[in-house]
Every structure is written in structure tokens, then in C-alpha cells.
Ligand SMILES: Cc1cc2nc3c(=O)[nH]c(=O)nc-3n(C[C@H](O)[C@H](O)[C@H](O)COP(=O)(O)O)c2cc1C
């Protein structure tokens, strides 16, 4: 029996992954930038948010499904792009794509991939997006055009342009472990090999821990040879000009990943962006930015329903998902949680993580008095700092637009 079958939450899956992986590999996944303040804040912010259940509702059955750009999804939990799945499993992206498809979940394939994009697409289903790091010479429109044509031809139907990686964040765990992007694991990183026999035997056979980001969006099978590059070459500043070029070339929905302030949103929408992803890259890039869920209400207010707002960072419980949805997110992404599952038990572990979160969402919705996600409204969230007197008067009910009041009150300062 694989232990992954028996874990009852994401935290326990994390523990399994921690035991399975050499410490430097676990650190690559787990770590954040500098003092990891934003990494911790992502979690703390969710922990501080409190519910106001709506009693006496008919919640005999609950519907967790959503629709995203016409795509039916089983739940609002999507899989974020992570460029290092091959560090934890030999079938890496193939396994994640297949698990997502089996669970009815959306998977965003990262630019940095260890398998060709069309192979990942073949392993997955319809709910497959692509995360773009523009090529280093994106001013060369022919190059960008070829990349985008290749991604589209491989079957990816929406693009998430990541904009928070002008350089790689200062991840001190990796520096201490002498690991640089693109990740290359060497024997010296596996000093404690005997403690992780399964991982180590795959590593020694060359099936794991190498080849990360080698293929990138330049899938071999697509034969865009001239564009071959490594993930490291893809980490560079993205400008408004780049965004405009991508928008002009990409025929499908275009989302921008890494938004942390509301005032950029009108301009982004004006440039033709179809969705906003509030993200601080899981605390891996700029340390000292707020938790994403604290920024969310102000972004939702600025976007004013024109395009969907999505969020990632620190989601570890179904209740976190419900909190984000209540504060205006259409859907959320998880990064580390599915990598824990992948490390612990491959695709089955990824599916287990998705199932656990879905069960928690279901229970949370029932106890809140919500039969569907449309019922998950801002009034279910208690305004932080409301006094007992206000609470007794019912003044803690957040009025529309969602927690704009709390945003002004300093949550997002
Ligand atoms: C190991 C790892 C690799 C990542 N690689 C990428 C990447 O290549 N591109 C990207 O846009 N985001 C990347 N991210 C960020 C995730 O897409 C996502 O924003 C973040 O993991 C969400 O936070 P969470 O891990 O707390 O769920 C990566 C995150 C992790 C943990």
C-alpha cells in the first residue's frame, strides 16, 4: 500500500514528499526568496480569514464545478505551472497532465519542461494551458511567432504570461545547496542517498533530476530546432511591448500571471488581456510583497467583472479555496501541493491531492450553507478587525464590492 493513499491532507502529503526526496531537491520545491516572509504570509493570510456561515440553506447536494473560458472543470482547483516536475518523478509533466485530465482539472504546462509539449498534450486532456516565458529575443517577432505557433499547434488553448521573473528570485536554500537555475542535480546533492532509495535509483539511472527545462517550449517533435534554448535563457524582463506582441500573435485567451496591484488592471484589460492571475510566484520571487489573498479584493474591485480573476499562493486546504472564491477569485492554482503528490506517488498522488481538496471544499461549502460556487459570496467572510459590537449589529457583513472596505482599511497597504 502506498502511503499516499492514506494521507488525510496536503500537509501529510508534504511530509511524505519530504521523506522521499533528498533535502536539496525538497528545498528547491519548498523554498522562497530571501527571508521567505511572503512565502509564510501567503499561508498566514488564509489562516487569519474567518467565515460567517449562512445557516438553514438547502445544501443536501453540492456542486463544485466551474466554467473557465468555456472549459468545464470539476472544481476551482487548477494546477499551476512548475518548471521542475522531473526533479521528483521520472514521468514528470506527462504524469501531471494525465492526473489532471483524470480529475477534470486544468493543468498549466510550464515553459520549462522535461518532455516535449506535444507529448504532454497527448497525455493530458482539453484543459491544458501553457505558461509562457517569452524567448530572450522576443523583439524578434519571428521567433516569438514560431514559439506561439508551436504552442498552439501542440494543443494548448490558453496562455499565461508570467511577468514576475525579471530575474530569478534570491532563493537562499538553493544557493546554500549550490543549486542554480536551470536545476541540475549532481551526486554531491544526494549525500543522504540511502535514505531515499527509490528517488536515488531513478536518479542513478538518469530518469530523474536531470533534463529540467531542457526542452522548453521548443518541443523536439515540433522541430523548431532553431529555437532551442534553456529555461535559464527564458528568465528575463517582460515589458509592455512584449505583452503587446504576445497579444497580437496568440489566438486564444491570454492571461497575465504575477499581478500584485489593482492599478495595473485597467491597462492590462485595455491591452486585450482575458484574465488576471494574482500571484507572488509562491513567495519565490520578490520577498516582502503581501499575501496574494490580501491583494485579491482590491484587484477584483479594479477588474470589476470584466475578466476572470484567478489566484495562487498558499492554498493548502479546501477552506482556502472557498475563501479565495468568496473574495472574488473564479478559480485558484496550486503549485507545491501537487508536486508533493507527484513526489509521493506520481499521478496517483496528484489525483489524491486534488481529491482531498475537493472533499474539503465540499464539506466547507455544506457547512457554510452553499450548494454551488455561485453561493460562495463575500458576505461569508468576516471583515478583519470588526469589533464585537459591530459583529453583534451585523456590520461585519461585507457589502459589495467585496472587501473593498477592508482593502481600504489597510489590508493591502
Ligand atoms: C518548484 C516550483 C517551480 C515553479 N516554476 C514556475 C514556472 O516555471 N513558471 C511560473 O510561472 N511559475 C512557476 N512556479 C510558481 C507557481 O506557478 C505558483 O505561482 C506557485 O507555486 C503558487 O504557490 P504555492 O506553491 O504556494 O501553491 C513554480 C513554483 C514552484 C514551487
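Points worth noting:
- Label-to-label distance, nm, for residues given as residue 264 and residue 176 (7 Å Cα→Cβ offset): 3.0 nm
- The fewest-to-most ranking of 273, 8, 195, 108 by surrounding Cβ atoms within 10 Å reads 8, 195, 273, 108.
- The convex hull of the Cα atoms of segment 15-73, projected and averaged over all directions, covers 8.3 nm².
- From least to most packed, judged by other beta carbons within 10 angstrom and beginning with the fewest, 201, 298 follow the order 201, 298.
- Just so you know, the Rg over Rh for the chain is 0.96, from Cα atoms, with Rh as the Kirkwood radius.
- Residues 46, 115, 69, sorted so that the one with the fewest Cβ neighbours within 10 Å comes first: 69, 46, 115
- The value of relative contact order for the chain, using C-alpha pairs under 8 Å at least six residues apart, is 26 percent.
- Size of segment 1-128: Rg and Dmax of its alpha carbons, in Å, are 17.6, 51.
- Using a Förster distance of 22 Å, the FRET efficiency for residue 371-residue 102 (Cβ separation, nearest 0.05): 0.30
- Gap separating the Cα centres of segment 1-39 and segment 245-267, nearest whole Å: 31 Å
Quick note: the coordinates plus some simple rules give every number you see, no bench work behind them. Computed from a predicted structure; not experimentally measured. Glycine gets a Cβ as well: all are built from the backbone with ideal geometry, and neighbour counts include every protein chain shown.
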